[in-house]
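A.B. asks: To start, I am sharing the structure in question, which I have written as structure tokens.
What follows draws every value from the coordinates through simple rules; no lab data is involved. Because the structure is a prediction, the values reported are computed rather than measured. As a convention, Cβ positions derive from the backbone with ideal geometry for all residues, glycine included, and neighbour counts pool all protein chains shown.
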Amino acid sequence: MPAPGHLAPLLTVRPIVLWVEDSLTKEYLSRIWSPDDKLFNILIGGGNETIRGIVLDLRTQGYSHIFGLVDRDFRDSNQPRWPNPGVNVFVPDFFEMENYLFSWPALAGCKENRLQRTEAEVQRQAESLAQGMTWWMACRQVLSNYRDRLIGDFPKHPTIDNIQSLSDAENYVKGQEWYRDIQSRAAGIGEDSALSSDLSSAHSDQQEKLSAGRWVQEFSGKEIFRRIRGFLFNESYASPSEMDVDLAKAVADWQAENKQIPVELIKLRDILKNRVGLSN
């Protein structure tokens with residue numbers, strides 16, 4: 001099935017199409033990838049699963065220059081496999097795109113630092129915010145683990161030709177590994193003692209990340225970034241999301257001007273160019 005008429009021009013106007021989750025990611029990448037940004041049409045596709053579905057569908061239709069970039073969140077990064085031609089949706093090492101903006105020199109030096117906060121002040125403020133997030137991150141980690149245990153590898157719907165009776169339907173469901181393992185997947189979930197143990201273990205994990213300074217890469221970046229934005233300029237001239245994007249643009253400009261663009265994102269740009277036959 002060809003791409004919808006309203007979408008087709010967006011898929012052919014530039015040699016690389018990259019679907020991302022939100023406008024902050026789009027604007028940030030466009031700035032740090034300049035002047036190569038003219039090679040990219042960066043489109044906003046929504047969440048992780050939506051982007052994966054879009055990329056799979058369009059590449060199946062023959063659009064081999066279509067790719068996706070999604071936040072890692074609590075999933076595993078696939079960064080070591082990025083050069084692999086079979087990888088078309090990229091999952092970076094950092095928790096989400098905002099984590100790449102945690103450059104204290106860039107936040108202090110960018111034009112949106114209207115209150116003239118110093119680099120040390122910005123870092124202390126961010127660390128203070130991170131210290132109050134360990135239990136929240138632990139709760140999210142446990143919920144994410146439970147979700148993966150319960151619905152990871154959830155069966156795909158069968159084709160209509162294969163299901164013509166009750167026995168066909170039963171055999172299809174029973175033949176799925178997810179169904180056969182459902183009791184072991186759910187083991188322990190719903191027991192208070194197991195929940196307390198899982199939460200305590202997750203909190204220890206998050207506390208270790210905090211102590212080791214890995215929270216910059218491993219903690220949820222959106223919440224910290226937004227509050228840092230308020231620390232840099234305590235104004236309200238647009239929606240919170242729009243002001244977040246403005247700060248992300250300013251950080252990107254500083255990183256580009258000072259040659260401090262995150263190495264992983266330079267690598268992603270070069271891999272995408274290589275995948276469509278463009279030299280770096």
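A.B. asks: Specify the longest stretch of the chain that does not include any exposed loop site, a site being one of the trypsin sites (Lys or Arg not before Pro) with a non-H, G, I, E, B DSSP assignment and at most 13 other Cβ atoms within 10 Å.
C.D. replies: In the chain, the maximal stretch lacking such sites is 1-74.
A.B. asks: So how strong a dipole does the chain carry about its Cα centre when Lys and Arg Cβ are +1 and Asp and Glu Cβ are -1, to the nearest 20 debye?
C.D. replies: Dipole magnitude for the chain comes out near 700 debye.
A.B. asks: Roughly speaking, what is the stretch gain from Arg149 to Ser200, that is 0.36 nm per residue apart minus the C-alpha to C-alpha distance, in nm to one decimal?
C.D. replies: On the way: separation 51, 0.36 × 51 = 18.36 nm, distance 1.84 nm.
Working it through step by step, the gained length comes to 16.5 nm.
A.B. asks: By how many nm would the segment from Gln79 to Ala212 lengthen if fully extended, with 0.36 nm per residue of separation less the alpha-carbon distance?
C.D. replies: Details: separation 133, 0.36 × 133 = 47.88 nm, distance 2.19 nm.
In short, 45.7 nm is gained.
A.B. asks: Moving on to the next point. Return the sequence-ordered ³J(HN,Hα) values of region 122-129 in whole Hz as given by the Karplus equation 6.51 cos²θ - 1.76 cosθ + 1.60 applied to θ = phi - 60°, using x for Gly and Pro.
C.D. replies: Along region 122-129, the couplings run 5, 5, 4, 5, 5, 5, 5, 5 Hz.
A.B. asks: In nm, what is the difference between 0.36 nm times the number of residues separating Ser167 and Ala186 and their Cα-Cα distance? Walk me through the intermediate numbers first.
C.D. replies: Details: separation 19, 0.36 × 19 = 6.84 nm, distance 2.59 nm.
Using 0.36 nm per residue and subtracting the Cα-Cα distance, I get 4.3 nm.
A.B. asks: Loop-only GluC sites (Glu not before Pro) in region 209-280, please: DSSP not H, G, I, E or B, and at most 14 other Cβ atoms within 10 Å.
C.D. replies: Working: sites: Glu218, Glu223, Glu235, Glu242, Glu257, Glu264; in loops: Glu235.
Passing both the DSSP loop test and the Cβ count: Glu235.
A.B. asks: How high is the FRET efficiency between Ser279 and Arg52 when r is their beta carbon distance and R₀ equals 41 Å, given to the nearest 0.05?
C.D. replies: Numbers: r = 29 Å, r/R0 = 0.70.
Once the sixth-power term is evaluated, E becomes 0.90.
A.B. asks: A further question follows. Please report the relative contact order for the chain, taking Cα pairs under 8 Å with a sequence separation of at least 6, and give it as a percent rounded to a whole number.
C.D. replies: Working: 320 pairs, mean separation 68.4, N = 280.
Result for the chain is 24 percent.
A.B. asks: Can I ask one more? For region 157-280, what is one quarter of the convex hull surface built on the Cα atoms, given in nm²?
C.D. replies: Working: hull surface 64.9 nm².
Averaging across all directions leaves 16.2 nm² for the Cα convex hull.
A.B. asks: Further, regarding this structure: On a C-alpha basis, how far is the centre of region 63-106 from the centre of region 211-242 in Å? Whole number, if you could?
C.D. replies: 20 Å
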